[in-house]
Amino acid sequence: MSVQLHDDDVVARLRAGAPGYPDAGPDAGRTLAAARRALRRSRGRRALGSVAAVVAAVVGLTAVGPIELPGFGTFAMPGGHDINSLPNQGEPPVYPRQRLLDDVADLELQVLPVAEDLGLTRYIDDGGAWGRPACRVFTWSHGAFLDRASGCANPDDPGLPFDTESEAAFPRVSDAIEHSGVNVYRIEKGGWGPGTSFHLRDDSWRWNWYYSYVPGTPADAPEEVQEETRLGVRLQVHVSGDWWFTVEPDD
């Protein structure tokens, strides 16, 4: 069931506990991520011709089932499917229902307790690619830290270099994510609306996906909330309990 809300209703719903956009503008981390996405898009366009040729060749060989093209994600061949992919189930696309339930169960069991124990408000594990370094951002109960390499931070960005305690705490989150099996690269508390958001690593140039844990979500929360933004449709799916799944246009 879809629920279409006007602007005033959306604001009221967000204040009531559903996930939503932050009140403040983008932070340095979001600006950095947006710049990198733009760089990927520019380079990706130049490589698109070769990728299309590779896909056409594979299709010509009548492969069955999904294949992985490094840096471009999973492509499903005719006659095959992959339940772990993000299929085009509507506009915007979402995971199958069972995948949503499995993911939030794993996040609640493995990752959420570690985030709460550390007092985590920001975690970013941005793996290096296209000749740039891997970058980490880590804000927790002991302070705000980030990799200060020139490819990761501007001189005026806030945050200290990783200290000994943060170097030890950061892998606790990374290990919990790995054990969960959910491909999360970013965690924010309050940065993307109420609650804690768990952002999925992906190769999409069009969409962003993330789960949100919003304590106090009302029992009668709608199954879906759609909002028309300047970039397109933003969809929030109530998965179960205090958990939501959001897919929104990539800026």
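Rounded to the nearest 0.05, what FRET efficiency is calculated for W130 and E224 with R0 set to 35 Å and r the Cβ-Cβ distance? All intermediate terms of the calculation are to be shown ahead of the outcome.
Working: r = 36 Å, r/R0 = 1.02.
So, using R0 = 35 Å, E works out to roughly 0.45.
Calculate, in nm to one decimal, what N154 and H142 gain on full extension: separation in residues at 0.36 nm each, minus their alpha carbon distance. Before the final figure, lay out each step's value.
Working: separation 12, 0.36 × 12 = 4.32 nm, distance 2.19 nm.
Gain in length upon complete extension: 2.1 nm.
Taking 0.36 nm per residue of sequence separation and subtracting the Cα-Cα distance, how much length would be gained by fully extending the chain between L231 and T164, in nm to one decimal?
Values: separation 67, 0.36 × 67 = 24.12 nm, distance 4.18 nm.
Contour length minus Cα-Cα distance gives 19.9 nm.
How many nm is it between the label spots at D250 and S174, if each spot is 7 Å from the Cα in line with the beta carbon?
Each label point is offset 7 Å from its Cα along the Cβ direction, giving 2.3 nm.
Convert each backbone phi in region 145-151 into a coupling constant with the Karplus relation 6.51 cos²θ - 1.76 cosθ + 1.60 (shift: θ = phi - 60°), then list the ³J(HN,Hα) values in order as whole Hz, x for Gly and Pro.
With the stated coefficients, region 145-151 comes to 9, 7, 5, 8, 4, 4, x Hz.
About its Cα centre, how strong a charge dipole does region 97-249 have in debye, to the nearest 20, once Lys and Arg get +1 and Asp and Glu get -1 at the Cβ?
Its charge dipole is roughly 380 debye.
Read-outs: derived from the displayed coordinates by stated rules, not from any lab. All figures in this text were calculated on a predicted structure; none of them were measured in a lab. When we count neighbours, we look across all protein chains shown, and the Cβ atoms used for this are built from the backbone with ideal geometry, even at glycine.
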